[in-house]
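Here's the structure, in structure tokens; my notes come after.
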Amino acid sequence: MPYTVTARVPTPEEHRFLAEAVGWGDAFWWEAMPASLAGSTCGVVVHDDGLIGMGRVVGDGAFYFYIEDVAVHPDHRARGIGRAIVESLVRQVRDLAPGHHFVGLFATPEAEALYRSLGWEAKEMLGMWQVLRD
Ligand SMILES: CC(C)(COP(=O)(O)OP(=O)(O)OC[C@H]1O[C@@H](n2cnc3c(N)ncnc32)[C@H](O)[C@@H]1OP(=O)(O)O)[C@@H](O)C(=O)NCCC(=O)NCCS
């Protein structure tokens, strides 16, 4: 079945469904996700029979943009959906803000080839993060 790509931010329920489907069940603080998703700059959901993919962008809406939460349901991989999600997010960023943009992301090992093929590079900097807990 052909899939449809829709430019909108996933709902908290959609986000949790796909996050758990790809093994990110412990990666989020679920109580924060409604506000986190509402703060997104833009997003993408992909459907065929049901929801099979998502992605979103956060940032300042003008120059700094970060791609987050790109996920394709394991039953629907290698159909070009991941690529379609990222391409849609990039198009939306270009439409939102004129001129040059910084578009950053953290790539999982399985997504590295996809991002490299679309122009991302690790360059000389090391991505770093920590999760602050109570
Ligand atoms: C990474 C992910 C989004 C790719 O989704 P997908 O729909 O299977 O990707 P696509 O079908 O669009 O494939 C994109 C490219 O990546 C390659 N690719 C896809 N999965 C791959 C894998 N496991 N290992 C190596 N390359 C892979 C494909 O060959 C394809 O290259 P091509 O277009 O030159 O043929 C998906 O595997 C996923 O959701 N993984 C779990 C969550 C995750 O890691 N998200 C990324 C967060 S940064």
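The values are calculated or read from the model by the stated rules, or taken from the named source; none is laboratory data. Please read these numbers as outputs of a predicted model, since none were measured by experiment. Positions of Cβ are backbone-derived with ideal geometry, glycine not excepted, and every protein chain shown enters the neighbour counts.
Quick one: in segment 20-68, of everything that is near the ligand (Cβ under 9 Å from one of its atoms) and among the small types (Gly, Ala, Ser), which residue is surrounded by the fewest Cβ atoms within 10 Å (Cβ to Cβ)?
Per the criteria, the residue is 23.
What about residue 62, is it small (Gly, Ala, Ser), out of contact with any Asp or Glu (no Cβ under 9 Å at 6 or more places or on another chain) and either part of a helix (DSSP H, G or I) or under 23 Å from residue 133 (Cα atoms) (or both)?
no
Out of all the residues in segment 1-40, which are under 14 Å from residue 73 (Cα atoms), touching a residue at least 12 places away in the same chain (Cβ under 8 Å) and charged (D, E, K, R)?
Across segment 1-40, the qualifying residues are 14, 16.
With the checklist (1) assigned to a loop (DSSP other than H, G, I, E, B); (2) on the phi < 0 side of the Ramachandran plot; (3) more than 8 Å from the ligand (Cβ to nearest atom) in hand, flag the one item residue 119 doesn't pass.
With (1) assigned to a loop (DSSP other than H, G, I, E, B); (2) on the phi < 0 side of the Ramachandran plot; (3) more than 8 Å from the ligand (Cβ to nearest atom) applied to residue 119, the lone miss is (2).
Tell me, please, whether a residue that is at pLDDT 95 or above, over 18 Å from residue 19 (Cα atoms), aromatic (Phe, Trp, Tyr) and within 12 Å of the chain's Cα centre (by Cα) can be found in segment 53-65.
The answer is yes; a qualifying residue exists.
At positive phi, assigned to a strand (DSSP E or B) and surrounded by 12 or more Cβ atoms within 10 Å (Cβ to Cβ) - does that describe any residue in segment 1-11?
Taking every residue of segment 1-11 in turn, none turns out to be at positive phi, assigned to a strand (DSSP E or B) and surrounded by 12 or more Cβ atoms within 10 Å (Cβ to Cβ).
Quick check on my filter: what residues within segment 104-134 are of a type in the set (S, T, N, Q) and within 15 Å of residue 67 (Cβ to Cβ)?
108, 117
Kindly provide the set of residues from segment 69-112 that are under 24 Å from residue 34 (Cα atoms), more than 8 Å from the ligand (Cβ to nearest atom) and either in contact with a Gly (Cβ under 6 Å, 6 or more places away or on another chain) or in a strand (DSSP E or B) (or both), ordered by number.
Answer for segment 69-112, where residues must be under 24 Å from residue 34 (Cα atoms), more than 8 Å from the ligand (Cβ to nearest atom) and either in contact with a Gly (Cβ under 6 Å, 6 or more places away or on another chain) or in a strand (DSSP E or B) (or both): 89, 103, 104.
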